[in-house]
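Nothing in this text is a laboratory measurement; each read-out follows from the coordinates by a stated rule. Keep in mind that this is a model prediction, so the values were computed, not measured. No Cβ is skipped: glycine too gets one built from the backbone with ideal geometry, and neighbour counts run over all protein chains shown.
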Amino acid sequence: MSQSRYLHEYQKNAVNGASPLQLILMLYDGALRFMEAGKRAMEAGDLEAQNKNLQRAQRIVLELTSCLDMEQGGEIATHLFSLYSYVLNQLVEANVNDDPGGIDRSMQVLSDLRSSWDSLSKSLSPEPEEMQRAA
């Protein structure tokens with residue numbers, strides 16, 4: 001089996017075994033990675049790579065948006081929807097206008113959100129001592 005095949009299997013297993021919070025963090029990480037790649041491509045003048053990476057980031061943000069439960073999520077879901085909409089608009093404008101500032105603004109919003117989700121994930125995870133006591 002080739003190295004890329006092993007990597008694909010590892011990634012698939014990581015996703016299949018992830019909690020919902022871990023999946024959200026993975027989506028944020030992917031979007032941020034594609035935004036960074038899109039920005040590097042923009043700086044290099046590689047329009048094809050720029051477009052490809054920024055569209056991938058947009059698809060991830062759309063996926064995050066589609067997961068929002070507007071009824072049960074209440075005000076938090078409404079605010080997240082607004083932030084995701086802002087990020088999408090910034091990414092589209094950045095791609096069309098070759099404006100790295102829009103990517104930077106999008107990355108800042110998603111980085112802040114990712115940090116919040118990560119803190120939530122850690123606060124809900126049992127501490128190693130608690131796991132040992134439970135065993």
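Side notes on the structure shown:
- For the range 35-135, a simple Cβ point-charge model (Lys and Arg +1, Asp and Glu -1, everything else neutral) yields a dipole of about 160 debye relative to the Cα centre.
- Nearest-0.05 FRET efficiency for residue 77 and residue 98, computed from C-beta distance (R0 41 Å): 0.80
- Between residue 46 and residue 23, the contour length at 0.36 nm per residue exceeds the Cα-Cα span by 5.2 nm.
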